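Here the structure comes first, spelled out in structure tokens, and everything after it is commentary.
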Amino acid sequence: MAILAGIAVVVLGITHIKPAIEGLQKDLADMTDDRNRERSRANKAEKSLAETREALQQEQSAHNDTKSRLAQANEARNAAEKRASDLADQLARTKADLEAAKQELAAWEALGLKPEQIKGLKDALAQANTAIGALKDENSTLAREAKKWRQMYEELVGAQPEVDPEVGVTMPAMRGSVIAVDPKWNFVVINLGKKNDVRERGVFLIERNGRLVSKVTVRMVQDDTCTA
């Protein structure tokens, strides 16, 4: 009877412990699934951050290249305009010299100078006219060059239309969340993108617990996210 009683106690204990063990196994499986999901979400966030960093580096490189081209165009434009201005001054001086020579020649003819003297003055007058013609041609060429560089400069400057940074580009009202922050590169990733009609240089107000903590400007837009 004692052995039977012991067997009954063991069977009874197993009957109570088995559901607890099964419950613990289920909880462990659920925790493992949750951990795997969190790990997958973290990997996706890390990949998004890496892609955003790379895109920002490319954007910075393109920006520096545009600045360099703009500086070169501006320098060439200034040089062409200075040369054109110098030629205009030189042309004005030559015209003044020509007018003075004409007046002097008329005065000498009125005084009854010898033909060889008048011929020398006429030769000088012809040389002055030739010089003026050459200066006019060079001035026209430089004016065209200055116009070309000015247009290039205006195209480069006009490639980025001015936008009030306090207002930004107009966007429809929307609400989203910050899904990643990179303090090193000083940007955040927001879960709104082209599908939500987000636009570059649009402005978002970032709130935390109902309080405004920051104002950010959109720098790059993907389909489902944007970087600001």
- [ ] Report yes if some residue within the range 78-85 is within 50 Å of the chain's Cα centre (by Cα), surrounded by 14 or more Cβ atoms within 10 Å (Cβ to Cβ) and at pLDDT below 75; otherwise report no.
- [x] yes
Task: Among (1) of a type outside the set (A, V, I, L, M); (2) surrounded by fewer than 11 Cβ atoms within 10 Å (Cβ to Cβ); (3) modelled with pLDDT under 80 - the single one Lys147 does not satisfy - done: (2)
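So, of the residues in the range 190-213 that are on the phi > 0 side of the Ramachandran plot and surrounded by 12 or more Cβ atoms within 10 Å (Cβ to Cβ), which turns out to be nearest to the chain's Cα centre (by Cα)? Spell out how you get there, then give the answer.
Filtering the range 190-213 for residues on the phi > 0 side of the Ramachandran plot gives 197, 201, 209-210.
From what is left, the residues that are surrounded by 12 or more Cβ atoms within 10 Å (Cβ to Cβ) are 197, 201.
Details: Asp197: 20, Arg201: 10 Å.
Looking at the filtered set, the residue picked out is Arg201.
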Open item on the list: Exactly one of these conditions fails for Ala107: (1) part of a helix (DSSP H, G or I); (2) small (Gly, Ala, Ser); (3) at pLDDT 75 or above. Give me its number.
Closed with: (3)
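For the range 180-206: of the residues being in contact (Cβ under 8 Å) with a residue 60 or more places away in the chain and in contact with a Ser or Thr (Cβ under 7 Å, 6 or more places away or on another chain), which is nearest to Gln57 (Cα to Cα)?
By that ranking, first place goes to Phe187.
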- [ ] Considering only residues that are exposed (fewer than 11 other Cβ atoms within 10 Å of the Cβ) and within 14 Å of Asp182 (Cα to Cα), look in the range 43-56 and name the one that is farthest from the chain's Cα centre (by Cα).
- [x] Lys47
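Quick one: which residue in Asp33, Asp65, Asp27, Asp97 is of a type in the set (D, E, K, R), under 30 Å from Ser140 (Cα atoms) and either in a helix (DSSP H, G or I) or at pLDDT 70 or above (or both)?
Working: Asp33 fails: under 30 Å from Ser140 (Cα atoms); Asp65 fails: under 30 Å from Ser140 (Cα atoms); Asp27 fails: under 30 Å from Ser140 (Cα atoms).
Exactly one of Asp33, Asp65, Asp27, Asp97 is of a type in the set (D, E, K, R), under 30 Å from Ser140 (Cα atoms) and either in a helix (DSSP H, G or I) or at pLDDT 70 or above (or both), namely Asp97.
The values are calculated or read from the model by the stated rules, or taken from the named source; none is laboratory data. Nothing here was measured: the structure is a model prediction, and the numbers come from that model. Please note: Cβ atoms are built from the backbone with ideal geometry, for glycine as well, and neighbour counts cover all protein chains shown.
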